[in-house]
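This report refers to the structure that appears directly beneath it.
The values are calculated or read from the model by the stated rules, or taken from the named source; none is laboratory data. Predicted, not measured: the structure shown is a model, and the values here were computed from it. Here the Cβ positions follow ideal geometry from the backbone for every residue, glycine too, while neighbour counts run over all protein chains shown. To get the accessible areas, we keep the full protein, side chains included, count just its heavy atoms, and leave off ligands, DNA and RNA. Shrake-Rupley method; radii C 1.70, N 1.55, O 1.52, S 1.80 Å.
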Amino acid sequence: MSGAPVAESEAAIAAGSQSFAAAARLMPRAMRDDVVMLYAWCRHADDVIDGQSLGSAPERVDDPAARLTALRAETLAALQGDAPMTPPFEALRRVARRHDFPADWPLALIDGFAMDVAGRRYRTIEDTLDYAYHVAGVVGVMMARVMGVRDEAALDRACDLGIAFQLTNIARDILDDAAIGRVYLPQDWLAGLPPLGPGTAPSPALHSAALRLLDLAEPYYASARAGLPALPLRAAWSIAAALRIYRQIGVKIRAGGPEGMTRRAGTGRAEKAGLAAAAAGDAMRSRGRGRAVSRDPGLFQRPRGPV
């Protein structure tokens, strides 16, 4: 595969997510091209709403509602029409048509961004999980579809991985999000604490809330790991690597204590390589497992639609 959408997408993933780029390199070339094109559209959409550049810290933007309206219109034009589009939307079009995406999936991601634009408050953890589904769980579903998964139960596992990633993101970015007026922690977890906002300082109570999110993420990571047998071997290796690399961010948040909340937790190149090597064993072991491991019924259940 060649062309501007692929080249632009490769550049976006290299600059916007080193963790995802490291995992994607483990995939077969054709699959990797489609995965990075889907990533590039997701990254672009997020950047449009947040005023970011390839995943930099979000900033306040002028007229976010207009940005959201334009993003939705361009996405629908990519999914439904044939007119020339800019590379991120052409990338979405190619991937969605090749893998027969329901339009509901890309639009669910945009609905998640609409929650940010509306300034939604998350009263309970169920509300936070609903947000996590829209901005990350559905991305996991789309990525799994690109990897050849059509079974509903296996797509649920992919959704679980996206939710685990997002819970880890929220735990990592509590202070950065608060600086622009966003609070994804459940309000009923914050009772008795000063309101979060610009200038919020790290504290043991906030770090404890981050740890609660990381604890909540664990069964989602475990569920996603149990879904590896549904993937082709190299795709399973890539996803196992992404799982290990991203989960390690949570390990560092735990170890960093409250003072570590002012630093963006991440993994270095050598650490990523070691985690990817360990993930090869995860993928190989998954070949000997069946696909009938029961999913925890207490986990968030994504909306079901046509596949």
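In this structure, is ARG302 surrounded by 14 or more Cβ atoms within 10 Å (Cβ to Cβ), under 20 Å from GLY148 (Cα atoms), out of contact with any Ser or Thr (no Cβ under 6 Å at 6 or more places or on another chain) and in the same structural domain as THR168 (by the TED database)? No.
Rundown of residues vs (1) crowded, with 16+ Cβ neighbours inside 10 Å; (2) modelled with pLDDT under 95; (3) closer than 30 Å to ASP156 by Cα, yes/no style:
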| residue | (1), (2), (3) |
| --- | --- |
| GLY192 | no, yes, no |
| SER203 | no, no, no |
| LEU216 | yes, no, yes |
| SER223 | yes, no, yes |
| ILE249 | yes, no, yes |
| ALA265 | yes, yes, yes |
| ALA277 | no, no, yes |
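Take the residues in segment 101-125 that are charged (D, E, K, R) and within 21 Å of the chain's Cα centre (by Cα); name whichever of them is surrounded by the most Cβ atoms within 10 Å (Cβ to Cβ). Break it down stepwise before answering.
Initial filter on segment 101-125 (charged (D, E, K, R)): 104, 111, 116, 120-121, 123.
From what's left, within 21 Å of the chain's Cα centre (by Cα): 104, 111, 116, 120-121.
Working: ASP104: 12, ASP111: 17, ASP116: 22, ARG120: 16, ARG121: 12.
The selected residue is ASP116.
Going by what's in this entry, would GLY148 be described as more than 22 Å from PRO232 (Cα to Cα), part of a loop (DSSP other than H, G, I, E, B) and either open to solvent by less than 30 Å² (accessible area, probe 1.4 Å) or modelled with pLDDT of 95 or more (or both)? No, not satisfied.
Can you find even one residue in segment 229-239 that is in the same structural domain as GLY281 (by the TED database), in contact with a helix residue (DSSP H, G or I) (Cβ under 9 Å, 6 or more places away or on another chain) and under 28 Å from ARG263 (Cβ atoms)? Give the steps one after another, and end with the answer.
So in segment 229-239, the residues in the same structural domain as GLY281 (by the TED database) come out as 229-239.
With the extra rule that they be in contact with a helix residue (DSSP H, G or I) (Cβ under 9 Å, 6 or more places away or on another chain), the set shrinks to 229-239.
If we keep only those that are under 28 Å from ARG263 (Cβ atoms) too, we end up with 238-239.
For segment 229-239, residues in the same structural domain as GLY281 (by the TED database), in contact with a helix residue (DSSP H, G or I) (Cβ under 9 Å, 6 or more places away or on another chain) and under 28 Å from ARG263 (Cβ atoms): present.
Residue count for segment 225-238 satisfying the condition of being assigned to a helix (DSSP H, G or I), open to solvent by less than 40 Å² (accessible area, probe 1.4 Å) and touching a Lys or Arg at 6+ places or on another chain (Cβ under 9 Å): 6. Of LEU185, LEU79, LEU161, all but one fail to be open to solvent by 20 Å² or more (accessible area, probe 1.4 Å) and touching a residue at least 12 places away in the same chain (Cβ under 8 Å); the exception is LEU79. Among the residues of segment 180-204, the ones that are within 21 Å of ILE249 (Cβ to Cβ) and either assigned to a helix (DSSP H, G or I) or of a type in the set (Lys, Arg) (or both) come to 3 in all.
Taking the numbered list (1) hydrophobic (A, V, I, L, M, F, W, C); (2) open to solvent by 10 Å² or more (accessible area, probe 1.4 Å); (3) closer than 25 Å to ARG212 by Cβ in turn, MET85 passes all entries but (3). Only one of the numbered conditions (1) open to solvent by 50 Å² or more (accessible area, probe 1.4 Å); (2) outside any helix (DSSP H, G or I); (3) of a type in the set (Ser, Thr, Tyr) is not met by SER208, and that is (2).
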